[in-house]
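Read the figures in this text as sums done on the coordinates, not as results from a lab. These figures come from a predicted structure and were not determined experimentally. For neighbour counting, all protein chains shown are included, and Cβ atoms are generated from backbone atoms with ideal geometry for every residue, glycine included.
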Amino acid sequence: NQETPHCPRCGHAAFHAESIPVAGKMWHKICFRCGLCKKSLEITTLAEHDGDVYCKQCYTRKYGIRGVGFGMGAGALGMDTGERFGNSQSLSNKPNYPPIPGITPPN
C-alpha cells in the first residue's frame, strides 16, 4: 500500500497523472512555479535549492555569485586578505613589478 505523495507547494495529494516529478518530489503542474517570482517553470528553466524550485534568474539573485558586479561592491573585495584560505602575508593593492634596468626606484 503506497501512500500518495503530496505537492510541496500546496500540500495536497499529487497524483501521478497530474504531477511533475522534480527534485525527488511530485509537483502539481499548476504549482510548478518559481519559489520567489511565481513564474511558471519548465524542466529546462529551473534551478533547485533545498527542495524548492526557482527560475534561473531568481535562483542567481538569491543564491548566486557575490562580489564585484554581483551586488556586493568593490570595497568589500579590496580589503580581503584571504586569511580564511591560509594566506598569511599582507596583500597590497600596489603592483609588484620587477625594477626597470638603469632606473633607481624612489624611496
(message) Of all residues being without any contact (Cβ under 8 Å) to a residue 12 or more places away in the chain and not polar (S, T, N, Q) in segment 35-63, which is farthest from R9 (Cα to Cα)? Just the residue, please.
(response) K56
(message) I need the full set of residues from segment 14-40 which are of a type in the set (S, T, Y) and more than 18 Å from T4 (Cα to Cα), in order please.
(response) S40
